[in-house]
1. Take peptides A:110-119, B:107-116 and line them up by average Cβ neighbours within 10 Å, highest first, as a rough protection proxy.
2. Helix B:16-55: angle to the longest alpha-carbon principal axis of chain B, degrees 0 to 90, nearest 10?
3. Working out 0.36 nm times the residue gap between residue B:218 and residue B:461, then minus their Cα-Cα distance, what length gain in nm do you get to one decimal?
4. Counting only other chains, and only Cβ atoms inside 10 Å, what mean value do you get across the residues of B:745-758?
5. Rounded to the nearest 0.05, what FRET efficiency is calculated for residue A:142 and residue B:414 with R0 set to 51 Å and r the Cβ-Cβ distance?
6. What shape does chain B have by the C-alpha gyration tensor, where a ≥ b ≥ c are the square roots of the eigenvalues, rounded means a/c under 1.5, and otherwise prolate means a/b greater than b/c and oblate the rest?
7. May I ask you to derive the FRET efficiency for residue A:132 and residue B:808 from their Cβ-Cβ distance with R0 = 51 Å, giving the value to the nearest 0.05?
8. Express in whole angstrom the spacing between the alpha-carbon centres of segment B:756-814 and segment B:292-326.
């Protein structure tokens, strides 16, 4: 499903910083994989590259057989749109849109018919147990509820791949547990390939495979 | 100073584009101010230069308006004991027939006496002339031109030049080149001197002079000489220093000058809003920085001073640049206005160089800096009031506070009530203008609230059009009214100015059209020059009977008009064959009865005046007008008031018989010709040309050609309206670019999320474009409303103080429809850069942006 070959990422700035160095990684379809490592190890960078939010300095990334480095910016966007769902640490919900509108946003961008959008958005919010909060704005929700909305948005077209960057990083322990359970349930239900970036070992234990990064390199690849 | 280096400079470097846009607002305001005033001053100076240079050592000039007077007056002047030198002058502009040279100012002088007043400093000349001016006189085709004119056209002594005279094109021989630094600068160097009697002949003066130039006897003061001449000649004659003509010219230009001044003030105000917007946004963005400063011990005064110093720096830089731009543009503007004045007013002046007044430039720079400081005052004060604790927290700071909103609404209501009261008492000039300012102020105070209201109102529409892009664009406006409202205010004010001028132009065009339909209805006109405003060339009276004898001609009406000074105001006296005109011209008088007015005027028992005359000279029906004439004071009551546009300062209509009796002049300016029913107009016109062209230089203009000439003149006068449109478009572009560059910074994360969840670049661009177009729409709606109010006051101002012209209120709907695509187009263009910026850059950074 996801294949990285000799992928490196060097950030150009006042000083060059190597975020990732010569990464080779293959992830099969339907697996739930955690990517762990200390701060600055390159976890988020790796996720951003896989998600097409950024481009590697060298190497190839293939998503479902499609080489991302050969795609234009709009091409990358289409891959993101059709095959990848993002869950961010800070939710990244749009504050002026209510829950239904936030979940519907990706569908509007795909020019789906209005009725179909409303049906799908409602269905997704029910899936994350927020069917009773359709009209609420993000600042009227708790942290956990916001993350649920973000998850529902990520699932808008039931993408084969879900990328979660520290999905519980901004939540208290109890809420974090609830979110993880939700992700687990969705994985079981939908069979998506899920990559979770985390520094929390408890999160990693829930996944069938853990990839450990340190200083931009894979130092360990554990399968549970 | 330290804070400037540590904080202001890095901020400026990070937001260089925004700073450039801020400065551009000042450049625009100061540039227009300096350009308009410098152009104005240059035109006056050019006219004064022409007058002064030609005057030489003349101390007084005897004249009787543009009619001139009989030669016999010269003897009366010379016989006044206080007079030392008195020489007659005939002056007129004629076409040179030289490509690219346009017209030339002919000075007809008496060579035997004139050299005691003017020094020609002949550089090259027939040797004989230098010694004996009678040699010059003996050759009636003699001409002296300036060295500048000669060099420009590769002419020398004994070269031939063709001039368009009343007798047709005549050839003249250059017998001398004038090198005088004085004379050569008159009329841009296009000056020629000839013998006065030859000039009388070729210009159709008969036995009349235009004026007599006088120098007082040695030991006699100018005032004493002036008093003596006035006593000897009576009230029919003006005896003034040459500079008085400049004052009359100024009076003629007054309405145009005032309009330019208003235009420049508007530009400064609009610049002020752009600056206010920039500083308000800067303060908002730097809240946390300000909070940190305050937490570290900076006083409120230090914070306020920091921002004010930034505004002074921006103001100084922008003002100096604006002044430079203004000076560059001034010459072009001056030359354009100059050509309009020459065509429309028949006034001889030629702008060839700029008259730059350092005081004016300094005033412009000070105005620009002051505007910048005034505009930045409120944001600077707000910056000083930032609460350190709140500033360091995240939160909605773009929203207008409830208190602020309420305060503005109360102030707006107060201003509106004040304006309404002033409207009821608008007969009083101070109250009229107070009401005007109050009403515009009310509109501007309400702009933020109305912007928010319209943004919310447009949200469902935009959502329906483009659910994702449109909704986000509308939300961006709703969530940040502070960011948007200043731009909308600037656009609103600018469009109000456009509607004011455009509406005035539209009403004026309509009125002129009506006037032309009623009053200018002959089939064709016979004139001595292409420039119908030229009154320096006249036909002899016999031309009427000659034309009437042409086969197919039904009726000929001859007209003699000229400008005279009445109560210090230059007005037009128009002598018409009243009975004949009454049979063909039917118009509704503003006051009086048409039949009565025509009857009394034809009988020589009254005169009728234009509405602008009545307003400017504060006269009404039955008031007695005392006109100075060569035969004494002509006293006639006003028996009618009409809408007439023969002269914008005012016109009086008397019967031709009265004119002949009192002015002792039989000449005519224009013959109005009506063709017999059933005859082919063009054929009759050709017959007239064939009959007259061998005897006179004339132009036979069809009704359509005359209308086209007038409309072209109007287009030139109102060309300034198009300048206002350019200013409005620039304001739209500047303001919207400013707002959007901030918007995409504020929305960086939001736009990143949109891309992350599958928004294509085109969709991101669209959300930015829609935001810009929505600002344009809101600006158009509010600008149209404020413009409708501004038009009312503009027409009132014109009636009271700018020419006395009464115009109907006609909202320029078609014109405003044209503004819609222009402003929306400008908004879209303004959004192109920010739209591209929104899709460039790192998506990861955008998602992490706080």
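1. My ranking of the peptides, most packed first, is B:107-116, A:110-119.
2. 10
3. Full extension from residue B:218 to residue B:461 adds 79.0 nm.
4. Partner-chain Cβ atoms within 10 Å, mean over residues of B:745-758: 6.
5. Efficiency computed from Cβ-Cβ geometry: 0.65.
6. Prolate.
7. For R0 = 51 Å, the calculated efficiency reads 0.20.
8. That distance is 31 Å.
FYI, it's all coordinate maths here, none of it is from the lab. The structure displayed is predicted, hence computed values, not measured ones. Cβ: placed from backbone, ideal geometry, glycine included. Neighbour counts: every protein chain shown.
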